[in-house]
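Here is the structure we will look at.
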Amino acid sequence: MDKVYLDNAATTPLSEEVIDAMVGTMKMNFGNPSSTHSFGQEAKILIENVRRQVADYLHVTPAEIIFTSCGTESNNMIIKSSVEHLGVERIISSPLEHKCVSESILDMKARKGVEVVYIRPNEKGDIDLNKLEELLKASDKKTLVSLMHANNEIGNIVDIKKIAELCKAHNALFHSDTVQTMAHMNLDFSDIRVDFASCSAHKFHGPKGVGFAFIRKSTGLKGIITGGPQERSLRAGTENVAGIVGLGKALELSLDHMADYARHIQEIKDYAIERLSAEISGIKFNGRSAEKESLYTVLSALLPYKNPLIGLQLDMKGIAISQGSACSSGASKPSMVMMMVLSEDEMDHCTPLRISFSHMTAKADIDALVNALKEISADFVIEKTNVEHR
Ligand code: PLP
């Protein structure tokens, strides 16, 4: 059975070039970057080259890039250290955030007594920036705003430049979870004045187990993992040299091909919208995901029937797809994002499906999905008819 992979927001396949670069590093550059001898220094140079490459992409200084193990660690570090070391007493966020952000915030509420205020999105998943401004004006407490750049389930994009300006005007710090947009969009942090951002290499054909945090120097943020002086003492622990090299190679490939990849993926997404709309009667799309301004890699569909087993049924037909974010897909509760954008009736009677693409996705993959969905919805009607006749 030919397999079809449509879950690129969960993770992406590694590029061959990334694998080659990593294998070469593992074979040739096994030195500990903290060692002063040549083995260590060669490994150190590899890390510093990638740091400079990332800094150039974001238009920041290399000292503002801290390598971590993943997006989750970067977001934890930023939120928890803002409270523990920068005196943040209040966090403004939204219920649309990834769990690694929302749980870090709740942890700070429980353990440090931080006040947490959520901006509830409308049914399209939009965050009202007037409401944000009102909240920023309403308190003198030292505030951190944490709002993700692009949502991993519905692909809505927020205007992080505007939010950063609002935060600056009201003396608040601004963290944006940029895990879904890093290396997929041009990001110039000399213009977009976010204080903190996060990245995970496996979202753009790099390896798992490596990411980075952007930490604007002026904030003075400290780390939460203590030990040696690695990563300018912000993140102790021997560096994942091969992983960092893999991140660098994946970033290089993404930047070299960004316009072509974006054009191809948008074309695939348009094709998916067109075919699903034509073939699955009553299908809808959630949030802003079917609109041009959304993240081009994500399409969130709503099937007009309830089928909690749809992921499993598609998997049995060789199609890998998720219903929400990968980390909540095993959960029995519907995702918070879906609870925000769907009506109660839709929650009871419909099935969300997240289709996410990469430059490796082909129109034939979409055809396979549409055919499988047609078979499944036919199964469903038969089952339903049987039940009704019993
Ligand atoms: N933030 C967002 C928006 C994500 O989509 C993910 C991964 O699904 C993460 C954070 C966590 O990244 P990682 O898997 O590297 O921990």
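The values are calculated or read from the model by the stated rules, or taken from the named source; none is laboratory data. What you see is a predicted model, and the numbers here were worked out from it, not measured in a lab. Glycine gets a Cβ as well: all are built from the backbone with ideal geometry, and neighbour counts include every protein chain shown.
Points to keep in mind about this one:
- Filtered by the rule that a residue be of a type outside the set (Val, Ile, Thr), more than 23 Å from Ser200 (Cβ to Cβ) and surrounded by fewer than 17 Cβ atoms within 10 Å (Cβ to Cβ), the range 1-39 gives Met1, Asp2, Lys3, Lys27, Met28, Phe30, Asn32, Ser34, Ser35, His37, Ser38, Phe39.
- Selection status of Asp2, touching a residue at least 12 places away in the same chain (Cβ under 8 Å) and either out of contact with any strand residue (DSSP E or B) (no Cβ under 6 Å at 6 or more places or on another chain) or within 16 Å of the ligand (Cβ to nearest atom) (or both): yes
Every residue, every condition in (1) at pLDDT below 95; (2) under 19 Å from Ile154 (Cβ atoms); (3) in contact with a Leu (Cβ under 6 Å, 6 or more places away or on another chain), yes or no:
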site	(1), (2), (3)
Lys269	no, yes, yes
Ile273	no, yes, no
Gly287	no, yes, no
Leu295	no, yes, no
Leu309	yes, no, no
Asp315	no, no, no
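- For Ile160, the conditions (1) among the β-branched types (Val, Ile, Thr); (2) over 30 Å from Ile321 (Cβ atoms); (3) within 16 Å of the ligand (Cβ to nearest atom) all hold with the exception of (2).
- Among the residues of the range 200-244, the one identified as surrounded by 19 or more Cβ atoms within 10 Å (Cβ to Cβ), of a type in the set (Gly, Ala, Ser) and more than 28 Å from Met258 (Cα to Cα) is Gly223.
- Looking only at the range 206-234, and only at residues there that are in contact with a strand residue (DSSP E or B) (Cβ under 9 Å, 6 or more places away or on another chain), assigned to a loop (DSSP other than H, G, I, E, B) and of a type in the set (D, E, K, R), the one that is nearest to Asn171 (Cα to Cα): Arg216
- Those residues of the range 341-373 which are touching a helix residue (DSSP H, G or I) at 6+ places or on another chain (Cβ under 6 Å) and over 23 Å from Arg263 (Cα atoms), in sequence order: Thr351, Pro352, Ala372
- Residue match in the range 18-39 (condition: assigned to a loop (DSSP other than H, G, I, E, B), among the hydrophobic types (A, V, I, L, M, F, W, C), within 16 Å of the ligand (Cβ to nearest atom) and under 30 Å from His98 (Cβ atoms)): no
Quick grid of which residues meet (1) assigned to a helix (DSSP H, G or I); (2) among the basic types (Lys, Arg); (3) assigned by TED's automatic domain parsing to the domain that holds Asp126:
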{"residue": "Ala262", "(1), (2), (3)": "yes, no, no"}
{"residue": "Ile265", "(1), (2), (3)": "yes, no, no"}
{"residue": "Ala272", "(1), (2), (3)": "yes, no, no"}
{"residue": "Arg275", "(1), (2), (3)": "yes, yes, no"}
{"residue": "Ser281", "(1), (2), (3)": "no, no, no"}
{"residue": "Gly287", "(1), (2), (3)": "no, no, no"}
{"residue": "Tyr296", "(1), (2), (3)": "no, no, no"}
{"residue": "Tyr305", "(1), (2), (3)": "no, no, no"}
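- The listed residue being closer than 19 Å to Tyr57 by Cβ and within 18 Å of the chain's Cα centre (by Cα), out of Ala201, Ala164: Ala201
- Members of the range 132-151 that are exposed (fewer than 14 other Cβ atoms within 10 Å of the Cβ) and over 25 Å from His85 (Cα atoms): Glu134
- Residues located in the range 163-188, provided they are in contact with a helix residue (DSSP H, G or I) (Cβ under 9 Å, 6 or more places away or on another chain) and away from the ligand (no atom under 14 Å from the Cβ): Ile163, Leu166, Cys167, Ala169, His170, Asn171, Ala172, Leu173, Phe174, Asn186, Leu187, Asp188
- Test: residue in the range 362-384 that is at pLDDT 95 or above and not in a helix (DSSP H, G or I): yes
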